[in-house]
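What follows is a short report on a single structure.
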């Protein structure tokens, strides 16, 4: 009897925990909608674009691991040798660059984590209140551009899509939840495309994290990363099949934010002794150790001391960063780049313990493995086209051009770079 009571109590506890998790989970994947929006008559006749990002999907993954569906789509459309991410080659900076056409130093998300001197606050991809605060985001994301011109948009996750940037959100969106089942994500996209013309989004963003997680945990050359690439490939195939059932002429642009590389795990670079950590705010390390001085008088002497300790890393002041990185004092529109930047030489990284298996964040001009993927297909694109590497700031004018959206603000990309891939 006592045994049965224990079993019953245990079952009740498990049931309560399960129902609690289900309740929390169901609340976390609720679609959010901006009320009152609709496509103007003119916008109802515009093309459709689904912009897919597979985080960490290196430029050569599709070929390296024989992602059959993506390779087949590439033969039906356009494939780039690589797409060059902006510096630093990290997730938040580059996802937001793709949808604004601006370098990180120009749109304000200068890293996954950084300090803002004027606010005396730090932004981090892990801080939900910051991520959802539109005042941190510069530029005009594609969905904001669409909303300003009475075109409906939708986001199945993208950096910036949870915030009201310039007071505008995607017409339909979800707060990021990586545990949301893929079949539900795909069904949401299909449901959006089956809405009446006045309510139907013409721009959809769609995000996948599988390749990035595997690359970090197991390295870019691991069986686990190969399996993640095949998962992404299968998901894209399932998505394209679901969209095809709607009968709509949809254009697909498959990209990634950056690549992935193995690093020297046996010789991490420790915090240099020249740095008095009590005198600096240090929000990030790894592939770039960033110092924000609490007192500007500490900048020059610390920099000079660090120059004498350079060993598998280079030290820069904000005003002597290499110009080609677009990450110096002249580019820093929001004054968010650190005062002193320590950049390791590949394959070394800064770490106080043994580093992980895979990293990104290095300069894409020096480390080829930082290269991202670009594959595009659909009625707007020419077929069987291969193009050389290009910068990811050029995605913005490409998508805006397909959708017939006009932009007036300054961007770092240009229509000229990708104009020849369109019919």
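A few notes on this one:
- Verdict on residue 87 being under 20 Å from residue 333 (Cα atoms) and either out of contact with any strand residue (DSSP E or B) (no Cβ under 6 Å at 6 or more places or on another chain) or surrounded by fewer than 24 Cβ atoms within 10 Å (Cβ to Cβ) (or both): yes
- Elements of the type helices (runs of 4 or more DSSP H) sitting completely within the range 115-204 and holding at least 1 residues that are over 30 Å from residue 294 (Cα atoms): these cover 142-148, 182-193.
- Scanning the range 355-390 for residues that are in a loop (DSSP other than H, G, I, E, B), at negative phi and in contact with a helix residue (DSSP H, G or I) (Cβ under 9 Å, 6 or more places away or on another chain) returns 356, 357, 360, 362, 363, 364, 365, 373, 380, 382, 383.
- Qualifying residue in the range 404-417 (condition: touching a residue at least 12 places away in the same chain (Cβ under 8 Å), outside any loop (DSSP other than H, G, I, E, B) and in contact with a strand residue (DSSP E or B) (Cβ under 7 Å, 6 or more places away or on another chain)): yes
- Failed item in (1) surrounded by fewer than 20 Cβ atoms within 10 Å (Cβ to Cβ); (2) closer than 25 Å to residue 29 by Cβ; (3) more than 18 Å from the chain's Cα centre (by Cα), with residue 146 passing the rest: (1)
- Some residue of the range 249-270 being farther than 22 Å from residue 66 by Cα, outside the structural domain of residue 97 (by TED's automatic domain parsing), at pLDDT 95 or above and assigned to a strand (DSSP E or B): yes
- Selection count where residues are under 29 Å from residue 394 (Cβ atoms), under 19 Å from the mean Cα position of the chain (by Cα) and assigned to a helix (DSSP H, G or I), scope the range 215-248: 10
- Check on residue 256, surrounded by 23 or more Cβ atoms within 10 Å (Cβ to Cβ) and touching a strand residue (DSSP E or B) at 6+ places or on another chain (Cβ under 7 Å): yes
- Among the criteria (1) surrounded by fewer than 19 Cβ atoms within 10 Å (Cβ to Cβ); (2) in contact with a strand residue (DSSP E or B) (Cβ under 9 Å, 6 or more places away or on another chain); (3) within 29 Å of residue 119 (Cβ to Cβ), the one residue 278 does not fulfil is (2).
- Scanning the range 215-248 for residues that are under 27 Å from residue 356 (Cα atoms) and free of Cβ contacts under 8 Å to residues at least 12 places away in the same chain gives 223, 224.
- Considering only residues in the range 318-338 that are in contact with a helix residue (DSSP H, G or I) (Cβ under 6 Å, 6 or more places away or on another chain) and buried (at least 22 other Cβ atoms within 10 Å of the Cβ), the one that is farthest from residue 136 (Cα to Cα) turns out to be 327.
- When the range 371-387 is filtered for residues that are in contact with a strand residue (DSSP E or B) (Cβ under 7 Å, 6 or more places away or on another chain) and either outside the structural domain of residue 93 (by TED's automatic domain parsing) or more than 19 Å from residue 205 (Cα to Cα) (or both), the ones remaining, listed by number, are 371, 382, 385, 386, 387.
- Listed conditions (1) touching a strand residue (DSSP E or B) at 6+ places or on another chain (Cβ under 7 Å); (2) not assigned by TED's automatic domain parsing to the domain that holds residue 172 are all met by residue 110, apart from (1).
- When the range 252-294 is filtered for residues that are touching a helix residue (DSSP H, G or I) at 6+ places or on another chain (Cβ under 8 Å) and within 21 Å of residue 95 (Cβ to Cβ), the ones remaining, listed by number, are 252, 253, 254, 255, 256, 257, 258, 259, 260, 261.
- Flag for residue 155 being under 21 Å from residue 398 (Cβ atoms), crowded, with 16+ Cβ neighbours inside 10 Å, in the same structural domain as residue 41 (by TED's automatic domain parsing) and in contact with a helix residue (DSSP H, G or I) (Cβ under 8 Å, 6 or more places away or on another chain): yes
The values are calculated or read from the model by the stated rules, or taken from the named source; none is laboratory data. Treat the numbers as computed from the prediction; the structure is a model and nothing was measured. Virtual Cβ from ideal backbone geometry, glycine too; neighbours counted across all protein chains shown.
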